[in-house]
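The values are calculated or read from the model by the stated rules, or taken from the named source; none is laboratory data. On a predicted model such as this, the values are computed, not experimentally measured, just so you know. No Cβ is skipped: glycine too gets one built from the backbone with ideal geometry, and neighbour counts run over all protein chains shown.
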Amino acid sequence: MRLQDNVALITGASKGLGLEIARLYAERGARLVIAARHSGALEQAAAELRQKTEVVSVAQLVLPQMRARATGVIINVTSDAGVEAYAGWGGYGASKAALEHLSRVLAEELAGSGIRVYVVDPGDMNTEMHRHAEPGVDLSGLPGPEVSAPAFVRLVEDEIWGFGRFKAQEMAAVAETGR
Ligand SMILES: NC(=O)c1ccc[n+]([C@@H]2O[C@H](COP(=O)([O-])OP(=O)(O)OC[C@H]3O[C@@H](n4cnc5c(N)ncnc54)[C@H](OP(=O)(O)O)[C@@H]3O)[C@@H](O)[C@H]2O)c1
C-alpha cells in the first residue's frame, strides 16, 4: 500500500514515537488524523505537520469505514513488557499483553477483509514516557523514536507480511546492514 494520498490515523501523535511516525508518513504524502489527550501539544504537532500535509485531530468508528473500503493497515504498538515479566511493570505489561491478544483476535476477524493487522515492539527509546517511568535514570544512551519509526512505513508499504509481532529496532538494523 502506498502512503501517498492515503489517510493514516495515528494515536499518541503529539510526541515520541507517534510524532516521529507522523512526520515520516507526512513526508510520504499521507493525509493524517492525529490523536492524544492534551490539546496543547497535539495542536503544536498538528501545526508542524500541516506544513507538509492535511491534518485533522480526532476519529472514532474507523473500522466500519475500513471494512467498507476493503483495505487498510492497523498497527498496534506493544512492548517487551507484554511478553517479559518486569517487576513494577504489571499494569503496563498486562495491558500490552491484552493489546497483543486483541490484535491477534482482530486479525482473525479481519481475515480476508483486505485489512492487515500488525503488532510492533518499538524497543527501548529515550522518550518522555520512558523518562517519566524511570526518573533519575540516564537514558541518553538509548536511541530516539526516529530509529523505530521507519518500521511503521515498511509495514504499510511492503505488502508481504501477514499478521505478526515485529521488532522495530531489529527491522532498522536489518535495513541498515542488509542482515
Ligand atoms: N519509550 C520506550 O522505551 C517504549 C518501549 C516499548 C514500547 N513503547 C510504547 O511506544 C508507544 C509510544 O510511547 P513513547 O515512548 O513515544 O511515549 P511519549 O513520548 O510519552 O508519547 C506518548 C504519546 O501518546 C499520547 N497518549 C498517551 N496516553 C494517551 C491516551 N490514553 N489516548 C491518546 N493518546 C495518548 C501522548 O499525548 P497525551 O499525553 O497528550 O495524551 C503522546 O502523544 C507507547 O505505546 C509505549 O507503550 C515505548
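Summary of computed values
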read-out: Count of region 1-17 residues which are under 10 Å from the mean Cα position of the chain (by Cα) and without any contact (Cβ under 8 Å) to a residue 40 or more places away in the chain; value: 3
read-out: Hits in region 93-152 (condition: without any contact (Cβ under 8 Å) to a residue 60 or more places away in the chain, assigned to a loop (DSSP other than H, G, I, E, B) and either within 13 Å of the chain's Cα centre (by Cα) or away from the ligand (no atom under 11 Å from the Cβ) (or both)); value: Leu110, Ala111, Gly112, Ser113, Gly114, Gly123, Pro135, Gly136, Val137, Asp138, Ser140, Gly141
read-out: Residue list for region 71-92, restricted to those being assigned to a helix (DSSP H, G or I) and within 13 Å of the ligand (Cβ to nearest atom); value: Asp80, Ala81, Gly82, Gly91, Tyr92
read-out: Unique match (being touching a helix residue (DSSP H, G or I) at 6+ places or on another chain (Cβ under 8 Å), farther than 17 Å from Arg154 by Cα and assigned by TED's automatic domain parsing to the domain that holds Val119) among Ala85, Ala35; value: Ala85
read-out: Restricting region 24-34 to residues that are more than 14 Å from the ligand (Cβ to nearest atom) and under 10 Å from Val55 (Cα atoms), the residue that is surrounded by the fewest Cβ atoms within 10 Å (Cβ to Cβ); value: Arg31
read-out: Residues (of a type outside the set (Val, Ile, Thr), surrounded by fewer than 18 Cβ atoms within 10 Å (Cβ to Cβ) and within 12 Å of the ligand (Cβ to nearest atom)) located in region 42-59; value: Glu43, Gln44, Ser57, Ala59
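Per-residue answers, yes or no, for (1) surrounded by fewer than 18 Cβ atoms within 10 Å (Cβ to Cβ); (2) more than 12 Å from the ligand (Cβ to nearest atom):
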| position | (1), (2) |
| --- | --- |
| Arg2 | yes, yes |
| Ala8 | no, yes |
| Ala22 | no, no |
| Ala36 | no, no |
| Gly40 | yes, no |
| Val62 | yes, yes |
